[in-house]
Structure formats: structure tokens, C-alpha cells
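Structure first, then comments.
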């Protein structure tokens, strides 16, 4: 995490896993649209669009598609892109650091909170210690994110990433 | 501005001025609490507290005091601190990139919008071309910021900065 990060167990969600994939491949899978789309959404959801401008201030945009075909676009701003080490972006800002507004058009199915996410990678033997952390403004947002299945969802996506990375 | 910035005249406010102060002094006045407090608020308002952790993710916090003695605290997150060149922070995030929530406790007197501010400095003869830009999520926030007297207020603060910097 960024050295300015102050943990708050009521506002933050995190999970850590050791995977048998070198961190260079995980970095590539997280930061290259063509290598992100195959694994980013737990099946049967799909990621149908992705745009990444890999620098602070740059865009991180995905469009997820539900099994029923409904689209869930999300645009965030990249805050840190430290190669093979740490990737941080936030939904609270748009590209160019412009403040964002919550998209309420998708109703209850859409997240009604902002978050900042960090993927931290550290070498671990021949593999990687992978830590995903999402931080929120208030307990309600954190609880909604947990109830949406943060750990299960991001964990399933990581499983898919591991399988996909061996075909890269 | 950051190269990812996309101007939007309906969402952005900006003013530019050439001042006869070297940019190194302006940088110091903007990024050092003891040198920020004397000029940051147009008189008769005062800045009674200031905290700056000058790095991306770090805190930018001020407490302004109205002539009646009412306090207006504001905490933001620094996004860019490129010495003598560009200083960017946002009220949409707290330190450590944590999303913020709008403070509505001060009612109508308090800003009901988030903004990201950039102070850009460029050498101009023996002085500095000074550009202040604030960007918003929506037109309502931009208009409220304009109605609060953005250009007049930040301009008066700059006048105070110029006077103060000659005593530094």
C-alpha cells in the first residue's frame, strides 16, 4: 500500500493469497486490456470492454455484462502504476483526476459507493503474494461491498487470472 | 496540468496571472504550512490550521476561520507534488486515497461539491505565470464554486501571497 495509507477495519476489505504465477505475468494481466478481459469477471459474467491508460491520472474503464446481457460500465482514475509492484485506482475520480458522481441509473444492482482499490504484488518463491485491498469512505459502503461478495468475487477472478496467465 | 486532463468549460474554472515572484517562492508558500497560513484566506478570514504531507496520497488540510469565529475545516488528498511546477490535490479523496464524503454539517456556507485543484507554475522573466484550475464532477458544483467567488477569492489570496512572499 501507499505509505500514506491508514488501515481502518470498519472501512476496508482485503484478501491475500499466494499464487504460483510470477508477478510480472499478474501485472501484465491487470494492466493490459486484452489480457484483463478474459479473467476479470467471475463467469458467467463477462468483461466486454476495457480501456487502460497506465499512468497516474489515466483511465481505468471496464464494461461488465451480466448473463442476461445487462451492461455495467465503470470508469475510474489510476493513482499508482508501479510496475510489477502496485496498481491503485479509484472510482471516486474520473480520468484527469476529475471528481466523479455516483451512477444511480442501474438501481440496486450498481454499487452505491466509491472505493479505491490496490493490487499489491510481492515475489514469493517462484510465485507471488497477491493482496487486494479496497477502501471506502464509510461503513455503509464497505458493508455493501462486502455483501456484494467482494472476497468471493475477487477471489474467483484471481482463480481465473491464474488459469489464464498460464496460457499467456 | 496533468497530461491526462481533458478541459470542460462547463465543469472547470481557471484563472491565470503573471506575478513578479519567482516560482520557487510560490511553491514554498503553497506547500509549507507556516508559509501558507499567512496568505491562504482572503482577509478578514484567517487560516488557523494547516497540515501538508507533500507526496502523492498525503494530506492537505486547512481550517479557515470566518470573521465571526466559525471554523471551516477541509481535508484533501495530494495527487501531484512536482516541485516548483505543479501542485494538485482533491477534496474527493482523503489521505491515503480514501474516498471522502461531503461534509454537510456546516449547511449552506460549506461547499456541497468536490473539486480537484491544480496550481501550475511556469517561469516568466523574473516572475511566474501562475495558473489555478479547479475541476468538478457536474455543472451544479462548478456553478456553486463560481458563485462562491472562486476567481475573486483565489485572486485575493494570490495578491496576499505576492505581498507575503516578499517578506519570506
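Quick look at the values:
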quantity	calculated
In nm, spacing of pseudo-spin labels at residue A:8 and residue A:65 (7 Å Cα→C-beta vector)	3.8 nm
Gained length - residue B:167 relative to residue B:101, 0.36 nm times residue gap less alpha-carbon distance	20.0 nm
Per residue convex hull volume, Cα atoms of region B:15-165, in Å³	100 Å³
Rg over Rh, two decimals, the protein assembly as shown (C-alpha only, Kirkwood Rh)	1.01
Shortest-first distances to equivalent copies, position residue B:66, nm, label 7 Å out along Cβ	4.6
Within 10 Å of each Cβ in B:84-95, the average number of Cβ atoms from other chains	4
Highest to lowest packing among B:129-142, B:87-100, A:76-89, scored as the average C-beta count within 10 Å	B:87-100, A:76-89, B:129-142
Inter-chain shielding of A:55-65 (mean C-beta neighbours from other protein chains, 10 Å cut-off)	2
Cα-projected label distance for residue A:51 with residue A:34, points at 7 Å along beta-carbon direction, nm	1.9 nm
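Throughout, read-outs are computed from the coordinates displayed, never taken from laboratory work. Since we're looking at a predicted model, the values are computed, not measured. With ideal geometry, Cβ positions are generated from the backbone for all residues, glycine too; neighbour counts draw on all protein chains shown.
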